[in-house]
Amino acid sequence: MTTPVDTEPKDRTMVTAERYRNPLGYSDGIARTDPDPFVLRYRGLYYCYSTGETQVNVSVSSDLVSWTRVGAALQVPGRTHYWAPCTIYVDGVFYLYVSSRPAGSTDPHDEVLQLATSHHPTGPFTLVTQFFDTFSIDPHVVPDGEGGYVMFYSTNDVTGLDDEYVGTSIVADRLLDFDRLEGRPRVIVRPSLEQEVFEHDRFGDGRDWYTIEGATYLTRGDRAYLTYSGNAYERPDYFIGQAGAVLDGAPHDLVWRKHPNDHEYAPLMRRNGDVEGTGHNSVVRAPNLVDDWIVYHGRDAADPLDPQVEQRTMRIDPLLHTTRCLITTGPGSTELDAPARPQVSDDFSGAELDARWDVREGRVHLADDRVCTTAAERTRLETSAAASAYVAEVWMRVEISDRGARAGVVVAANGDDDVVEVLADAATSQLIARRWLRGVGTVIARTELRRARLDRWQQLQVRRMFDRVEVRVGDSTTLAFPVPEIAARFGLVSERTATEFSAFSFTGHMDLWGQDLDHAGHVFSVQPRRDPGATGLVAPPGRSVVLEGDSDSSSAMVHEFALPTPGSRVLFAPWGAEAVRLLVEADAYTLLRPGDASQRYPMDPPFTDAAGVAVRSTRQGRQALVQVGRRIHPLTFDDSASSRQRIELTGAGLTRYEWTAHPTPSIQ
């Protein structure tokens, strides 16, 4: 197989923690600092790149909680103060974007953005180019949805000459190639709040200097979000803010707005009594491929602030997205539930193929951390997990021969006579969905493969929502198509192609919003009948609609409600009325527990109000958590707790429903 030399660690066994406490620890027991942590997920492992005075630091983890320091990812002779790295992976190459300054310089304005590359996530990286000759920091490079990439970064020259809100802003520009910008930066977020002041009267003429930096871009549903940090990282009140946009174009073309608006201070995260200096984050998915986690740095508030000593340590907290904004309960300093594991996963590190796999065609063998097929025959293997709604991920690379190469995933197998598979075809550079029904093959859909060298490791992501499947290869190719609605098994397939598969994960999951709320009938019975519209399942003013459905004892759910009028209300029992009920009104919610006095809590604008109330419910047996906005309520049930949920909407609407399966008991 013609591939880059594979120098990655061979022991990729997933070691996961059930619980964790900030700041995060390291395998050698040494307390370390990791300012400006950027986390990349690659082949089932997490790689953290962080700021360093003499190098870019790199660490590795399998669960986001327990880390091993690898060492220096990048060191360049004559350069120092490596700030806020960002790393992406495309077609066998890791691209590391970071700023640094000449050795000996004490002026932070000498920081300029550069690019280095490597064929390995831990380096060593080699410097390729420098983008600017003037101050430029904090890159975040993301796909633009059209096969290209966009760089967010911070600079002074956009608002540095303004009379009001002078300072550092976040801009974005299209990358013509990984080492070349278009040169047409657009302002994304600019200073507008007193809390964003970096230095008062910086020039002696009464003008204050403001700083907006550390952009992180993400999309969920039909919304785009941008987190950023404000004021100065040395300050105790360094904070994380957020902006949002309707996802109707490329990242740098969107119309961005701070949440809740440009002149109201409502940070996503700020200091509390235990942690200060919270800022400069990245966002990454948990091992279960569903839950978002914010990775950031902070300082122990009990320690005296010493500007001459690095005190910023890496921390994580769960991040909830709603149709309006992001929500976190961080910064956390107590023991919490660790990021969730997949429902089913395999790192293929054993001596034999796990018993959960069923080889339906051909033969396979294990080598190091991968399962391999040969070019001699067609091969298909399936997992024992059957679902009609799930997310899955596997990494794949193939040997390309003069006969071509085709391999991919089975997205729905209902026995040998009905199999839907998606194959990446190296010869035609296409991604092809095909259904085999009683031996007859039919192409369902196809699209062009963009930026996908199949002889390099490629990430294949699959999302199935009953009769709709979406398969994504890398960052640039997506294929969506219909399938039969029945529950079916997931698998791997190669068409007479020597193929390696690695780092498989699978989680039962559904996220119903917008058009996908058409599938609410798979979860709820609704009385009287309602047709989900653009705003969800809605009860008219003064009238009620009742939804009832299953609610198993080992899962997480998110319900998002809209209460458009003062008389709107929702009576919600996630696990039956005998366990706990939640009365949600336009200005408050009440927790109703059997045998206990009712507890009423005001809404928490702008994170929770009548326009949108997100309720996250997590249960493992008799233990449960209910999170409303930024408040968390732990609950304990007796054996009478039901596995049914009931929602009564009165002049209110269910705008989103999310369900995620848990692999094993794990509760805060």
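The values are calculated or read from the model by the stated rules, or taken from the named source; none is laboratory data. Computed from a predicted model, the values in this text were never measured in an experiment. Note that we place each Cβ from the backbone using ideal geometry, even for glycine, and neighbour counts take in every protein chain shown.
Just wondering, is there one or more residues in the range 307-314 that are buried (at least 18 other Cβ atoms within 10 Å of the Cβ), outside the structural domain of PRO606 (by TED's automatic domain parsing) and among the aliphatic types (A, V, I, L, M)? For the range 307-314, residues buried (at least 18 other Cβ atoms within 10 Å of the Cβ), outside the structural domain of PRO606 (by TED's automatic domain parsing) and among the aliphatic types (A, V, I, L, M): present. For the range 467-490, the tally of residues that are within 22 Å of the chain's Cα centre (by Cα) and either more than 16 Å from TRP436 (Cβ to Cβ) or surrounded by fewer than 20 Cβ atoms within 10 Å (Cβ to Cβ) (or both) stands at 12. Just one of the listed residues (THR618, THR590) is in a strand (DSSP E or B) and surrounded by fewer than 16 Cβ atoms within 10 Å (Cβ to Cβ), and it is THR590. The set of residues in the range 63-83 being outside any strand (DSSP E or B) and surrounded by 20 or more Cβ atoms within 10 Å (Cβ to Cβ) consists of ASP63, LEU64, VAL65. Under 6 Å between Cβ atoms, at least 6 apart or on separate chains: pull out the pairs that start in the range 228-249 with a residue that is assigned by TED's automatic domain parsing to the domain that holds THR313 and end on any residue that is modelled with pLDDT under 95 and not in a strand (DSSP E or B). Once the first residue is assigned by TED's automatic domain parsing to the domain that holds THR313 and sits in the range 228-249, its partners that are modelled with pLDDT under 95 and not in a strand (DSSP E or B) give GLU234/PRO307; LEU247/ASP222. Per the conditions (1) surrounded by 19 or more Cβ atoms within 10 Å (Cβ to Cβ); (2) more than 16 Å from THR278 (Cα to Cα), the sole criterion not satisfied by ARG299 is (2). Close contacts from the range 263-286, counting a first residue that is at negative phi and a second that is in a strand (DSSP E or B) and surrounded by fewer than 17 Cβ atoms within 10 Å (Cβ to Cβ), with Cβ to Cβ under 9 Å and a gap of 6+ residues or different chains, come to ASP274/ASP300; VAL275/ASP300; GLU276/ASP300.
Restricting ALA407, ALA385, ALA413, ALA338 to residues that are among the hydrophobic types (A, V, I, L, M, F, W, C), over 30 Å from VAL246 (Cβ atoms) and at pLDDT below 95 narrows the list to ALA385. In the range 221-232 there is at least one residue matching the filter, namely being out of contact with any Gly (no Cβ under 7 Å at 6 or more places or on another chain), at pLDDT below 95, surrounded by fewer than 19 Cβ atoms within 10 Å (Cβ to Cβ) and more than 17 Å from LEU320 (Cβ to Cβ).
Let's see how each residue does on (1) modelled with pLDDT of 95 or more; (2) among the acidic types (Asp, Glu); (3) crowded, with 16+ Cβ neighbours inside 10 Å:
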position	(1), (2), (3)
PHE125	yes, no, yes
VAL141	yes, no, yes
MET151	yes, no, yes
THR155	yes, no, yes
THR159	no, no, yes
ALA172	yes, no, yes
GLU182	yes, yes, no
ILE188	yes, no, yes
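Of all residues in the range 491-548, those that are in contact (Cβ under 8 Å) with a residue 12 or more places away in the chain, within 21 Å of THR322 (Cβ to Cβ), surrounded by fewer than 19 Cβ atoms within 10 Å (Cβ to Cβ) and of a type in the set (S, T, N, Q) total 1.
Across the range 560-580, the number of residues qualifying as part of a strand (DSSP E or B) and either surrounded by fewer than 16 Cβ atoms within 10 Å (Cβ to Cβ) or under 30 Å from the mean Cα position of the chain (by Cα) (or both) comes to 6.
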